[in-house]
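Just below is one structure, and these are the notes that go with it.
The values are calculated or read from the model by the stated rules, or taken from the named source; none is laboratory data. This structure is a prediction, so every number in the text was calculated from the model and none was measured. Because the Cβ atoms are built from the backbone with ideal geometry, glycine has one as well, and the counts that use them run over all protein chains shown. Accessible surface is based on the protein model in full, side chains and every heavy atom, while ligands, DNA and RNA are left aside. Shrake-Rupley method; radii C 1.70, N 1.55, O 1.52, S 1.80 Å.
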Amino acid sequence: MKKLETKYRNDELSPAELQELRNRIKSMSDYEIGEEMYQTWMNEKIDVTSVPDKQIDKIKAQIENSIKEEKSNGFDFSRIIQIAATILLPVFIILSGYLYYENRQIATKEMIVCTARGERASVTLPDGTAVSLNSESRLAYFPQTYNKKERKISFDGEGYFQIDKNKEVPFIIDAQGLQVKVLGTTFNLLVRKDHKTAELALEEGSVWFGATQSHKNVILHPKQKAILDQSTGNIFIIAEEDTQKISAWRHGNMIFRNTKFSEVIHTIEQSYNVRINITCKNCPTDTFTGTLPLTNLNEVLEVIEKSYHLKAQIKGKEIILTDI
């Protein structure tokens, strides 16, 4: 009986066990039920944090009123135990209902991890997969189905994925215009809704990379980068000898190689959560190659000033670049 009662409160009973518990309770006398509930009340810790305070207060008032009535008619401890048992039994039923409801709510809710502009974060998924999120990124999955037949997430932004290897349960990423399928590998993925292209740079293992628009797909190998044209669905593969440079943001750096000045400025805005206005007459049209820090805006602006002969003025979250 004790074992069935404990499993009932923890919402672990099978249908057969629930029927067995009902039959046992029906066969017990009031005194036996009272004694059983008394032992539970006195010797076991019962978690009632999920039961509303109003319900607890109501039950308490019922017990006190019943005890007062019994005292006025003559004190009978066994009768009080029977009263308490009769009133407390619904507590266990209510508590089990609340626990079941809360567990169902948690299981069906979508788990979401987001970073705001200028923020970075790390998350470990239930299967042990580690993901580092860059600025303005979003990762979501459903705990109820994750790591069952597949490990599926939705993603937007930039992330560094270290997928825990599991040949039986593939890891799948759904993102804007693409899908990625892997078994266990390490790569950097950049895919944003407002970007014309998406990129995946592979460090280890292999990756299936597919375009949802054109249904084209490729298999990537280490030191390769796939570039998806979101407007056409075409996928291009280029050699990337140093893929770790692409994920340099994880170590506090921004590495650029022959990058358009406008793209450099946009990356700085995202990384530092600032707005940059360029009012120069001869704005730079060439490219930039170099490394900029993610933790020192003044140093970044100093490099930009010296590289392009500009002057930076900081006004709160706004930066104005003008000719010297």
Open item on the list: I'd like the Karplus ³J(HN,Hα) series for region 109-124: coefficients 6.51, -1.76, 1.60, θ = phi - 60°, whole numbers in Hz, and an x wherever there's a Gly or Pro.
Closed with: 6, 7, 7, 10, 10, 10, 10, 7, 4, x, 9, 9, 8, 10, 9, 10
- [ ] In square nanometres and to one decimal, what's the mean projected area of the convex hull around the Cα atoms of region 178-274?
- [x] 6.6
Open item on the list: If you roll a 1.4 angstrom probe over the protein chains with everything in place, what fraction of the accessible area of region 187-324 belongs to carbon and sulfur, to the nearest %?
Closed with: 48
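Between ASP57 and ARG24, how high is the FRET efficiency from 1/(1 + (r/R0)^6) when r is the Cβ-Cβ distance and R₀ = 30 Å? Nearest 0.05.
On the way: r = 31 Å, r/R0 = 1.03.
Efficiency for this residue pair is about 0.45.
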- [ ] For LYS216, list long-range residues whose amide hydrogen, built 1.01 Å from N in the peptide plane, is under 5 Å from its own amide hydrogen.
- [x] ALA211
- [ ] Over region 183-226, give the accessible area per residue in Å² for a 1.4 Å probe, as an integer.
- [x] 48
Task: Antiparallel bridge percentage (DSSP; both residues within region 99-223; nearest 5) - done: 85
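What are the chymotrypsin sites (Phe, Trp or Tyr not before Pro) within region 186-255 that DSSP puts in a loop, where the Cβ has at most 12 other Cβ atoms within 10 Å?
Answer by residue number: there is no such site.
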Open item on the list: Show me the trypsin sites (Lys or Arg not before Pro) within region 177-234 that DSSP assigns to loop and that have at most 13 other Cβ atoms within 10 Å of their Cβ.
Closed with: LYS193, LYS196
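Can you give the local net charge around ARG275? Use residues other than it whose beta-carbon is closer than 9 angstrom to its beta-carbon, Lys and Arg +1, Asp and Glu -1.
-1
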Task: For region 101-207, alpha-carbon Rg and Dmax in angstrom - done: 13.6, 43
Open item on the list: Using the Karplus curve 6.51 cos²θ - 1.76 cosθ + 1.60 with θ = phi - 60°, what ³J(HN,Hα) values do you get for each residue of region 312-323, in whole Hz, with x for Gly and Pro?
Closed with: 9, 10, 9, 10, x, 8, 10, 10, 10, 9, 10, 5
Open item on the list: Using a Förster radius of 30 Å, what is the FRET efficiency between LYS167 and LYS193 based on their Cβ-Cβ separation? Nearest 0.05, please.
Closed with: 0.40
Task: Relative contact order for region 284-324, counting Cα pairs under 8 Å that sit 6 or more residues apart, in percent - done: 24
- [ ] Over region 255-324, calculate the relative contact order: mean separation of alpha carbon pairs under 8 Å at least 6 apart, over the residue count, as a percent.
- [x] 37
Open item on the list: Given a Förster distance of 56 Å, report the FRET efficiency between ASN217 and ASN282 from their Cβ-Cβ distance, rounded to the nearest 0.05.
Closed with: 0.80
- [ ] At 0.36 nm per residue, minus the direct Cα-Cα distance, what do THR289 and LYS315 gain on full extension? Give it in nm, one decimal, please.
- [x] 6.6 nm
